[in-house]
Amino acid sequence: MSDRDRDDAARAEAERADRTYNDALTALDAAIIPPGDDQGPILPWPDAVLPPPGGLLKPWLRVIHRWLAPVFARQRTFDNHVVDAVEALAGHERATEFARFQTALIVFLQKITAFVESKDRLVAAAGATRFEQHEKMLNQLPDIQAQLAVLQRATQMLTRSVGSQQSAVGSARPLSTNLSNPSNLPDYQYVAFEDRFRGSDNEIREKLRPYVTLFAGAKDVLDIGCGRGEFLALLKTAGISALGVDANREMVATARERGLDVVESDALAYLESLADGSLGGLIASQVVEHLAPPYLVRLLATAYQKLRPGAPLVVETINPACWLAFFSSYIRDFTHAQPIHPETLQYLLQANGFGRVTLQYSQPVPEQMKMQPVDVAGLASLSASGDAQAGALAQMAHTLNANAAILNNLLFTHLDYAAIGYRS
């Protein structure tokens with residue numbers, strides 16, 4: 001049955017209940033016993049006795065009193081019988097009216113129960129319909145939000161294109177097809193993808209903030225794959241001169257709108273154009289997982305040439321040694337080329353001449369997401385008592401905890417890491 005059919009059936013039932021309720025209410029009104037207006041005849045002396053005579057005429061009146069007293073007594077008895085008869089008749093009529101009222105009241109109560117239940121079902125049906133409509137709207141909300149985010153970025157792109165005298169649609173070039181950007185995803189769509197899945201500007205800035213101290217006192221720092229410019233903004237606040245490079249036109253436009261110095265170019269091409277020893281530091285955050293191995297090796301070798309002696313190199317990426325990071329972050333982004341194990345990236349920096357290479361892990365998995373150990377404190381006391389069964393349980397608990405620790409070290413460690421080295 002469709003929602004409309006359910007609503008029509010509920011309304012029809014409510015209308016029938018309304019009619020029967022109104023009929024029962026009318027019958028109840030007619031059966032209500034009116035207040036007792038007739039209180040029976042008011043006799044001058046319903047129980048009076050003729051008083052004895054007195055005064056000067058007492059002897060004569062006493063004779064009359066003896067003659068009339070029986071008459072008054074009989075009249076009093078008759079009047080009392082009449083009053084009793086009238087009251088009995090009135091009581092019978094009252095009893096009949098009360099029985100009729102009681103019947104009408106029972107019918108009314110039956111009908112009002114059906115009336116209330118029909119109203120409840122009508123309200124419930126309307127509520128269910130509205131709930132289903134709201135649920136459908138809520139289910140559509142993520143789709144609408146994603147589409148609006150892409151539309152917003154596309155609108156920004158077209159606005160910039162029109163402002164620079166370019167054709168609106170034709171200027172929306174895809175990401176470069178070189179080794180650093182193998183995807184053909186339009187720039188504005190990937191920016192919207194980053195907005196949704198990588199995090200807000202504030203979140204990214206807080207994640208990158210610990211790296212600022214590595215560049216203290218440096219100048220001419222290059223941020224490869226700078227994106228929206230979160231780290232460039234941190235360096236600018238710290239008084240460190242820096243420049244960013246990104247192949248995504250919309251990323252570059254967003255960073256420039258924030259007053260940051262950014263170049264639109266392929267990372268390796270721009271790096272090769274610089275003079276040797278011209279950079280005071282280099283960072284590539286969440287970039288190398290997008291690069292094919294030959295491109296990455298060439299990029300690291302070129303970076304070594306362009307950095308000044310002692311200048312730091314920071315290469316941050318997703319930690320694939322943490323299975324949660326791999327399955328929740330790495331494979332979500334289809335533009336990723338391949339994961340890089342921490343020890344592999346550390347080796348690549350060392351192989352290209354960088355010294356003091358260390359691995360710095362970040363974004364630890366929250367404790368509540370890890371496998372929880374079994375509390376063995378109580379079992380240990382039981383085991384010490386010599387209970388064989390308690391001892392077996394304690395041993396099993398220790399084994400489970402050891403296995404949980406192994407799995408936590410594989411599944412739930414740190415989501416990101418950085419290989420940090422220095423130009424020798």
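The values are calculated or read from the model by the stated rules, or taken from the named source; none is laboratory data. The structure displayed is predicted, hence computed values, not measured ones. Please note: Cβ atoms are built from the backbone with ideal geometry, for glycine as well, and neighbour counts cover all protein chains shown. The protein model used for the area step is the full one, side chains on, heavy atoms only, and it has no ligands, DNA or RNA in it. Shrake-Rupley method; radii C 1.70, N 1.55, O 1.52, S 1.80 Å.
Miscellaneous remarks
- Residue-span extension gain [Ser241 to Gln368] - 0.36 nm each, minus C-alpha spacing: 41.7 nm
- Length released on extending from Val297 to Lys219, taking residue separation times 0.36 nm less the Cα-Cα span: 25.6 nm
- The accessible area of Asp23, taken with all protein chains in place and a 1.4 Å probe, comes to roughly 110 Å².
- Only protein heavy atoms count here; under a 1.4 Å probe, Glu257 has an accessible surface of about 130 Å².
- Counting 0.36 nm for each residue step from Gln395 to Arg258 and taking away their Cα separation leaves a gain of 43.3 nm.
- Cross-link table Lys207/Lys370; Lys236/Lys306; Lys236/Lys370, entries beyond 31 Å C-alpha to C-alpha: Lys236/Lys370
- Spin-label model distance (nm) - Tyr347 vs Leu359, 7 Å beyond Cα toward Cβ: 1.2
- The apolar share of the surface of region 227-379, taken as the fraction of accessible area on carbon and sulfur atoms (1.4 Å probe, ligands and nucleic acids excluded), comes to 57 percent.
- Distance between the modelled labels on Glu203 and Asp18, one decimal in nanometres: 5.2 nm (7 Å Cα→Cβ projection).
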